[in-house]
Amino acid sequence: MLDVRGSAIAVSYIIAAVLFIFGLKQLSSPSTARAGNRTAAIGMTIALAATLLDRQIISFWTIAIGTLIGAAMGIYFGRTVQMTAMPQMVALFNGMGGATAALVSVAEFLRLTRVGDSIGVGEATSIVLGTAIGAISFTGSIIAFGKLQEILPGKPLQFPLQRVVNGLILIGVIVLGAMVVMSGGTAILWALFAAALLLGAMFVLPIGGGDMPVVISILNSLTGLAAALTGFVLHNQMLVVAGVLVGASGTLLTLLMSTAMNRSVANVLFGAFGATNSDAASSASAVGHTVRQTTPEDTAIALAYARSVVIVPGYGLAVAEAQHTVRELATDLEGRGVDVKYAIHPVAGRMPGHMNVLLAEANVPYDQLLEMDQVNAARDDPSSPIYGMPILDVDRARNIIVLKRSMGHGFAGIDNALFYHEKTRMLFGDARQSLTQIGQALKSA
Amino acid sequence: MSQELVLGIYVFIMAIFVGFEVISRVPSVLHTPLMSGTNAIHGIVVLGAFLVAGSADSPLLHALGFIAVVFGAANVFGGFVVTDRMLEMFKKREAVQGEKKDA
C-alpha cells in the first residue's frame, strides 16, 4: 500500500491528468481556448509540485537552479518573440522537450546499470525508444527552426543517394537499439543517442520549408510519445498519460493538416516538395500570358466602387507586419458601404491558423474570417506539385489584385498560374507599403 | 511481464483514445494554438528530469539531470506563455467594438 506521501502524489497526479484532458477539450473551441491553456497550466503546476514530494528526490539544488534558468529562458523568449516567428518558437520548445526525454532515458539507464539491477526487457525497450525518439525530435526540431528562421535555406536540401544514406542511419539506430536491449552496454547507448541525433537532422533537411508545419506537428507528437516512454522507465503514470495525450492528439492534428493540403504524410516526409518540379513551373509560366501591373491609385478606385471585397492574406502580409494596415483599409471600405470579408486558406502562413492569429491581433472580428468551405480539388495543371491541393476559387472574382514583392517564387518554390490570369493585376512592393498607399489613395477617391 | 508494465500499457491505450476523442472537432483556426498548447503539455517530461536530477549521485548524472531540467522547464514555461499570447488575440466582435468606444 501507499503511504501518506505516496497517496498525496497519486491523487495529485489524477487531478492533474483530469485537468490536462479538460484543458485540451477547452482548447478545441475558440471561446474557451484561453481558459483551456490555463487549465492545463494549473494541471502542470499540481503535477510538478507533487513530484517534489517523491522520496527518491534527495537534493533540490539542481532542480531549483535548473528550473529557474529554464523558466527564465522560456518566459523571456515566449514573451518577446514576434507573432510572425511563433511557428519556429514552437519548434524550438518542442526540441527542448525531446532533448529532455532523451537525457532522462539515458540517465536512468546509466543509474540502473551502475546500481547493478537487472534491467527488464520492457524497461530496456522503453529506454531505447525514449532515447531514440527524443533525440530525433530534438535535432529535427532544430533543423525545422533553422529553416523557418531562414538560417538554413527553406528549399529541400538534397544530395545523391540521400535516401540510401538515411535508410542506413535508420538501420543503424535499430541495430544499436536491439543490441542495448539484448546485452546492455553504456557505450552502445551513447552510440544510439548520437545516431538518432544524426537521423533527426537528416530526415528534416530534405523537406521543403512550406511543409514545416506538418513536420513540427509530427515532431510534437513524437516528443509526447518519448515523454510517455520515460514514464515506463520511471514507473510514473502521470508521464504516460500526459505524453500519450499529446502523442495521440498531435497525430490527429498532423492528419488534419495534411488533409488540408491534400497530401499524405508519407508524401510530405519523402516527397522533397518544391525541389523536383522545375519543369512544371516553367511550363506554367511558358503557357502563361504576360503579367499585368497596376498602381495603388487604380487599386483604391477599384476597391472603393466594389460591392464586395474579399481579402486573401498570405505570408507576405505577416512578414510586412501589415495586419493593422489591412484592418484600417477594411474599416475605411466598410465606412463606404463595401462588404469586406477575409478568406483564409487553411495552410496560409507557416502554420495552419497562422493568419487567423495575426488578423485577430489586429482586432479583426473572427466572424469576418471565412473558413474555406468550398474547395476545388481538380484544377488546371496536373503536373504541378500542388495539383489537387484545396484552393480558394480566387479566379471566380470579377477582378483580382495580387500584392507581391516581386515575381520570385514563394516559400514553397512553386509558380502560380494565377499571376498570369487575364483578370489579375499585380501590385509589386512590400505589403505594408502598398496597403498604406492604397489607403491614402482611397481617402482622396 | 510485470503487473506494473501491463497496467502501464492499459493506461497507454486508454489515453490514445482519450487524446483522439477530445480534439476530434477542432476548427482549423485553432490548429496552431492547439499544437502550441499540446507542446506545452508534453513539457511534463521535466517531471522525469526532476526525478533524475534530484536523485543524482555522480557528476555525470548531475550534469545530465541539470541540462534536462533546464530544457524541460523552458519547454513548459515557454510553451504555456506562447500559447497564451496567441489565444489572447482571439476576441469576439462585441469586445472589439467595446474597445473602439473606449479609444
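Return A:Leu48, A:Leu435, B:Leu60 ranked ascending by Cβ neighbour count within 10 Å, so the fewest neighbours appear first.
B:Leu60, A:Leu48, A:Leu435
Anything in chain B that counts as a DSSP H helix reaching 20 Å or more along its axis (C-alpha) with Kyte-Doolittle mean of at least -1.0? List them, would you?
B:3-22, B:59-88
As an exercise, identify the chymotrypsin sites (Phe, Trp or Tyr not before Pro) in the stretch A:1-75 lying in DSSP coil whose Cβ has no more than 15 other Cβ atoms within 10 Å.
Sparse-neighbourhood loop chymotrypsin sites (Phe, Trp or Tyr not before Pro): A:Phe60.
Take every Cα-Cα distance within the stretch A:159-198, group them into 5 Å bins from 0 onward, and report for each bin the whole-number percent of pairs it holds.
6, 26, 28, 19, 11, 6, 3, 1
Once you have a ≥ b ≥ c as the square roots of the Cα gyration tensor eigenvalues for chain B, tell me rounded if a/c is under 1.5, and otherwise prolate or oblate according to whether a/b is larger than b/c.
It comes out oblate by the Cα gyration axes.
Hey, fewest Cβ within 10 Å first, where do A:Thr131, A:Thr436, A:Thr230, A:Thr51 land in order?
Listed from fewest to most nearby Cβ atoms, that is A:Thr436, A:Thr51, A:Thr131, A:Thr230.
Distances longer than 18 Å among the Cα atoms of the stretch A:91-220: what percent of all pairs is that?
When all Cα pairs of the stretch A:91-220 are counted, 54 percent exceed 18 Å.
Taking a threshold of 22 Å on the Cα-Cα distance, which of the pairs A:Lys341/A:Lys404; A:Lys423/A:Lys443; A:Lys25/A:Lys147 fall above it?
Checking Cα-Cα distances, A:Lys423/A:Lys443; A:Lys25/A:Lys147 exceed 22 Å.
Bear in mind that the values in this text are calculations on the coordinates, not laboratory data. All of these numbers come straight from a predicted model, not from anything done at the bench. Cβ: placed from backbone, ideal geometry, glycine included. Neighbour counts: every protein chain shown.
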